[in-house]
Structures are given as C-alpha cells and as structure tokens.
Amino acid sequence: TGDEHPAPGAEAIPLAIVYADDAIMVIDKPAGLVVHPGAGNRQGTLLNALLHHAPQLASVPRAGIVHRLDKETSGLLVVAMTLAAHTDLVRQLAARTVKREYLALVHGRVAGDGTIDAPIGRHPVARTRMAVTASGREARTRYRVSERFDGATLLAVTLETGRTHQIRVHMRAIGHPLVGDPTYGRRHGAAGALAEFPRQALHAARLGLTHPVTRARCEWAAPLPADLRALLASLR
C-alpha cells in the first residue's frame, strides 16, 4: 500500500507486570517509557513491548491500551487483553468509575486539601502544551496533603477526568507546579534536590476498576520508584 508507517513491531522490552489474567494486565510503567507510538517515537514504546509479550494483542485496538501515562510519569496502567475487555474498560473510563490515585510532589506549601475544577485545552500559542482555557474540556482534580517538606508538598491526587497533562496543568494553575516538570514546572527560588530532579515528580500509585469478566472490584498499588523515594528521603 506504500504506507510510510508500517504497523508498530513487537520489541523485547521488559515489563513490570503487577497482575495478569486472560482479560486484563496491570503494568507498573517506569519513567521514561512512552506508552503509545507517535511522532518521533515509533519504537521503544509500551505498545511495542505489549505486542512482544502477548502477540494476540495485535487484534485489539492500540494493543489493549485504554489510558495513558505521560512518558516521564511512572506507575500503574491497565491493558485490555481481549476486544471484550477493551470495550468494557473504555466504558468504565467514560463513566469515571476507574479510580486513579497519584502521588505528586509539588513546589511550595499547599495550605490544605482541595479540588481544582478548571477546563483544559490546547495552549493558545504553544501547541504542544495544554493550559487552563475557557474553551477547554471539563477537568476536575482532587488533592489532599500527604506530607510537607521545606519548599515542597507531597499530595495524593485523584482524577475525576482524564485530560492530557491534567495534574501538571492544574497544579501549575494554582501556583504549585510539579517538581521536575520541564514543561509546566518553572519555579523561581527552588534549589538543591528540588531544582535538580530530572522528571516530573508524579507516580500513578493506585488503580481501581471493575474486572471486565468477573465484575469484582479490583485495586492495585505500586510503590514509589527509587528516584522519587530518594528525593523524598533527601527532603526529610
């Protein structure tokens, strides 16, 4: 057909599998792994890894990927192993019954728990970025203070909607950008470990959903990766 972009190939990339059965697989994604091939990332993605691990995923849309994490965000992601499971999980995501809790280290002292309800859309000028914008899509983020440090606060964040870069955009909007965020994190006056952390300090720590086959409510947790653990230890 002369297609410039052949179907993404299977690649032997190791996966940290937290749970797997015939219907779903839950993965603890490392920071640095792109979820889905896009411009400039045709290889080396989670999708390539999934096709190698489970070749039958070639017949499921996006190799079973139903939601994403940004490249530099670590943590839990569910993959549908069958077409039926894919349809069911997409429905659950649309109905907002999939529970996703993140741990986020943000700059500054967050006064207390709160909810950010502000629409998110493409940045009017910088098209690769998202922003709070009146014409954007509804976006709601809840956060509660987990631990306070000198110059930073660890938050437990839950998403009610799943917009691109939602937590990163919303935390910047309230003046507490994520530590290490190259796109939304510019913060004057941060020093030491807070200024040097090389990625956004964001980890998808908990994932809850209804099993597409058994209908049982399932929940998984993923511990903080080593880089974030070391950063918090240095702040303590």
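Identify the residue in the range 70-108 that is among the acidic types (Asp, Glu) and not in a loop (DSSP other than H, G, I, E, B) and, among all such residues, is nearest to Ala222 (Cα to Cα). Step by step, filter the range 70-108, then rank; the result is Glu101.
Return a yes/no flag: does the range 212-222 have any residue that is hydroxyl-bearing (Ser, Thr, Tyr) and in contact (Cβ under 8 Å) with a residue 24 or more places away in the chain. Scanning the range 212-222, I find no residue that is hydroxyl-bearing (Ser, Thr, Tyr) and in contact (Cβ under 8 Å) with a residue 24 or more places away in the chain, so the answer is no. Look through the range 162-178, keep the residues that are in contact with a Ser or Thr (Cβ under 8 Å, 6 or more places away or on another chain) and part of a loop (DSSP other than H, G, I, E, B), and return whichever of them is nearest to Val35 (Cα to Cα). The selected residue is His165.
Out of everything in the range 125-142 that is in contact with a Gly (Cβ under 6 Å, 6 or more places away or on another chain) and of a type in the set (Ser, Thr, Tyr), what residue ends up being modelled with the highest pLDDT? Once the filter is applied, the top-ranked residue is Thr133. Can you report the number of residues in the range 197-221 which are open to solvent by 60 Å² or more (accessible area, probe 1.4 Å) and hydroxyl-bearing (Ser, Thr, Tyr)? Of the residues in that region, 1 qualify. Scanning the range 159-175 for residues that are open to solvent by less than 30 Å² (accessible area, probe 1.4 Å) and either more than 13 Å from the chain's Cα centre (by Cα) or closer than 10 Å to Ile116 by Cβ (or both) yields Gln166, Ile167, Val169, His170, Met171.
May I ask you to verify whether Ala63 is more than 11 Å from the chain's Cα centre (by Cα), surrounded by 14 or more Cβ atoms within 10 Å (Cβ to Cβ), among the small types (Gly, Ala, Ser) and closer than 16 Å to Leu209 by Cβ? When the stated conditions are applied, Ala63 does not pass them.
Annotation note: of Leu154, Leu194, Leu178, the sole residue that is crowded, with 20+ Cβ neighbours inside 10 Å, at pLDDT below 90 and under 15 Å from Asp227 (Cβ atoms) is Leu194. For the range 154-175, a residue qualifies if it is touching a residue at least 24 places away in the same chain (Cβ under 8 Å) and basic (Lys, Arg), and the qualifying residues are Arg163, Arg168. Would you check if Leu224 is open to solvent by less than 50 Å² (accessible area, probe 1.4 Å), within 20 Å of Val35 (Cα to Cα) and out of contact with any Phe, Trp or Tyr (no Cβ under 6 Å at 6 or more places or on another chain)? Yes, satisfied. Candidates are the residues of the range 92-132 that are of a type in the set (A, V, I, L, M), over 16 Å from the mean Cα position of the chain (by Cα) and open to solvent by 20 Å² or more (accessible area, probe 1.4 Å); the one that is nearest to Ala80 (Cα to Cα) is Ala94. Mind checking whether some residue in the range 133-148 is more than 21 Å from the chain's Cα centre (by Cα), in a helix (DSSP H, G or I) and either surrounded by fewer than 19 Cβ atoms within 10 Å (Cβ to Cβ) or of a type in the set (Lys, Arg) (or both)? Taking every residue of the range 133-148 in turn, none turns out to be more than 21 Å from the chain's Cα centre (by Cα), in a helix (DSSP H, G or I) and either surrounded by fewer than 19 Cβ atoms within 10 Å (Cβ to Cβ) or of a type in the set (Lys, Arg) (or both).
The values are calculated or read from the model by the stated rules, or taken from the named source; none is laboratory data. What you are looking at is a predicted structure, and each value in this text was computed from that prediction instead of being measured. Note: ideal-geometry Cβ built from the backbone for every residue, glycine included; neighbour counts use all protein chains shown. For accessibility, only protein heavy atoms count, side chains too; no ligands or nucleic acids. Shrake-Rupley method; radii C 1.70, N 1.55, O 1.52, S 1.80 Å.
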